[in-house]
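J.: Before anything else, here's the structure in question.
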Amino acid sequence: MTKLRVAIVHDWLVNGGAERVVLELHRIYPDAPIFTSYCSSEWQERLDNKVVTGFLQKWPFSKFRRFLPVLRIWWFTHLNFDDYDLVISSSGAEAKGIKTGKQTLHINYCHSPTHYYWIRYDEYIKRPGFGRLDPIARFGLKLLVGPLRVWDYQAAKRPDIMIANSTHTQSMIKKFYRRDSVVIFPPVDIDRFRPNKDELRHGFVIAGRQTPYKRIDLAVLACSELSVPLVVIGNGPDHRKLEKLAGRSVTFLTNTTDDGVAEHFRTAQALIFPNMDDFGITPIEAMAAGTPVIAYHKGGALDYVIENKTGIFFDKQTVKSLVQALQSFNQNRFKPEILIEQAKRFSPQNFTKAIKELVDKSLAKE
């Protein structure tokens, strides 16, 4: 039997949950080259030097690479995949727009319809999240969003099969791209978050890149108002703003190790998840540590937060609504074993099994 020739494509490899999908795909297909517009040295090493980058890798002003969707489009659409039987694109931006011939099966793992064109356009215009470069980002997006939306919609028609990372993303694919998709939840490294039954739980925790749409400000303001302990893990363009908003009960940790994150998850009463995310890996990690989640009642959280079993919801993205949820929260309602079982649904093993089954079934139809 001829060995399957596979390639993996991703928008960019820097940090975040999307990169973890690529890592797991690499483990499934270790010989497959990974094409991306640019890649950090850390991810090149983690992916066993299988990453093939474009001209943006050598761009002299690295901070400006995020402003260049047109150049990413040009690079991705000029890649040649004629030598491959299967190409899996992992994308929430331009990588899904690669062109493949009839002999190549293209499966797209969609993290979301491109945020800055569709779902979060108004948020990006209001708060681009580039600090001093916000005016440039805002001007460029307003100028180009029309033709880029047209391109993005057409690019979403190119994959033979689309996978959504959550039921929320599935509905967004249907809304913006008018395509059906199958849901396969992303892989979460749950093993490093095992709970310690002897540890006492105290206060709340929130973790993630400190950008406007993450709404970390809601957690900071709500916990400050109630004078309850909150540990804020991470960094980003909103960091100084958040520090100014915080009361004495809020602690910021910007250089926490993976082990340190796991420790804070194990010892918190709950993780606060105030943003509307396409999926959200952090809440699953908290559940793996036996920790419930206080989540905004929209987006990917609906796939894993079960009211009063794995967490509770608040209905409005306001400080008042979150304050009410924090006041009603009772840690004794939640059983760690139920939380851990819920987290196991999102294991790398389940992801691998689902991807392999879909690939085998799809290739059998070719």
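J.: Here is a list: 190, 163. Which entry is among the aliphatic types (A, V, I, L, M) and modelled with pLDDT of 95 or more? Quick ask: steps written out before the conclusion?
T.: Details: 190 fails: modelled with pLDDT of 95 or more.
Checking each option against the conditions leaves just 163.
J.: I'm told residue 349 meets every condition in (1) modelled with pLDDT under 95; (2) more than 19 Å from residue 215 (Cβ to Cβ) except one. Can you identify the failing condition by its number?
T.: Residue 349 satisfies all of (1) modelled with pLDDT under 95; (2) more than 19 Å from residue 215 (Cβ to Cβ) except (1).
J.: Inspect all residues belonging to segment 343-361 and state whether any of them is over 25 Å from residue 88 (Cα atoms), in contact (Cβ under 8 Å) with a residue 12 or more places away in the chain and polar (S, T, N, Q). Talk me through it step by step, then tell me what you get.
T.: Of all residues in segment 343-361, those over 25 Å from residue 88 (Cα atoms) come to 343.
Keeping just the survivors that are in contact (Cβ under 8 Å) with a residue 12 or more places away in the chain gives 343.
Within this subset, residues satisfying the condition of being polar (S, T, N, Q) are none.
The answer is no, given that none of the residues of segment 343-361 is over 25 Å from residue 88 (Cα atoms), in contact (Cβ under 8 Å) with a residue 12 or more places away in the chain and polar (S, T, N, Q).
J.: Mind counting the residues in segment 1-36 that are among the aliphatic types (A, V, I, L, M), under 26 Å from residue 277 (Cβ atoms) and touching a His at 6+ places or on another chain (Cβ under 8 Å)?
T.: Initially, segment 1-36 is screened for residues among the aliphatic types (A, V, I, L, M), giving 1, 4, 6-9, 13-14, 18, 21-23, 25, 28, 32, 34.
If we keep only those that are under 26 Å from residue 277 (Cβ atoms) as well, we get 8-9, 13-14, 18, 21-23, 25, 28, 34.
After this cut, where a residue has to be touching a His at 6+ places or on another chain (Cβ under 8 Å) as well, the list is 8, 18, 21-22, 34.
Of the residues in segment 1-36, 5 are among the aliphatic types (A, V, I, L, M), under 26 Å from residue 277 (Cβ atoms) and touching a His at 6+ places or on another chain (Cβ under 8 Å).
J.: Identify the residue in segment 203-253 that is small (Gly, Ala, Ser) and more than 19 Å from the chain's Cα centre (by Cα) and, among all such residues, is surrounded by the fewest Cβ atoms within 10 Å (Cβ to Cβ).
T.: Narrowing segment 203-253 to residues small (Gly, Ala, Ser): 203, 207-208, 219, 222, 224, 227, 234, 236, 246-247, 249.
Retained after the next criterion (residues that are more than 19 Å from the chain's Cα centre (by Cα)): 203, 219, 222, 224, 227, 246-247, 249.
On the way: 203: 17, 219: 27, 222: 26, 224: 17, 227: 10, 246: 19, 247: 14, 249: 16.
Per the criteria, the residue is 227.
J.: While we're looking at this one, here's another question. Given the condition closer than 20 Å to residue 279 by Cβ, among the basic types (Lys, Arg) and modelled with pLDDT of 95 or more, answer yes or no: does some residue in segment 44-60 qualify? Working first, answer last.
T.: The initial filter retains those residues of segment 44-60 that are closer than 20 Å to residue 279 by Cβ, namely none.
No.
J.: Being under 28 Å from residue 114 (Cα atoms) and surrounded by fewer than 16 Cβ atoms within 10 Å (Cβ to Cβ) narrows it down to one of 309, 298, so name that one. Full working, then the answer.
T.: Numbers: 309 fails: under 28 Å from residue 114 (Cα atoms).
Within the list 309, 298, the selection yields 298.
J.: Being more than 20 Å from the chain's Cα centre (by Cα), buried (at least 21 other Cβ atoms within 10 Å of the Cβ) and not acidic (Asp, Glu): is that true of residue 155 here?
T.: Numbers: more than 20 Å from the chain's Cα centre (by Cα): yes; buried (at least 21 other Cβ atoms within 10 Å of the Cβ): yes; not acidic (Asp, Glu): yes.
So residue 155 passes the test.
J.: Which of the residues that make up segment 170-227 are of a type in the set (Val, Ile, Thr), more than 30 Å from residue 361 (Cβ to Cβ) and not in a helix (DSSP H, G or I)? Explain how you work it out, then say what you get.
T.: In the first step, residues of segment 170-227 are kept if they are of a type in the set (Val, Ile, Thr); the result is 173, 182-184, 188, 190, 205-206, 211, 216, 220.
Subsequent filtering for residues that are more than 30 Å from residue 361 (Cβ to Cβ) retains 205-206, 211, 216, 220.
Selection gives 205, 206, 211.
J.: Residue 350 - would you say it is surrounded by fewer than 13 Cβ atoms within 10 Å (Cβ to Cβ) and either touching a helix residue (DSSP H, G or I) at 6+ places or on another chain (Cβ under 8 Å) or of a type in the set (S, T, N, Q) (or both)? Before you say what the answer is, go through the steps one by one.
T.: Numbers: surrounded by fewer than 13 Cβ atoms within 10 Å (Cβ to Cβ): no; either touching a helix residue (DSSP H, G or I) at 6+ places or on another chain (Cβ under 8 Å) or of a type in the set (S, T, N, Q) (or both): yes.
So residue 350 does not fit the description; no.
J.: Another one. Please go through segment 86-141 and pick out each residue that is out of contact with any helix residue (DSSP H, G or I) (no Cβ under 8 Å at 6 or more places or on another chain), hydrophobic (A, V, I, L, M, F, W, C) and at pLDDT 95 or above.
T.: Result: 87, single match.
The values are calculated or read from the model by the stated rules, or taken from the named source; none is laboratory data. None of these values were measured; they are calculated from a predicted model. Methodologically, a virtual Cβ is constructed for each residue, glycine included, from the backbone with ideal geometry; neighbour enumeration extends over all protein chains shown.
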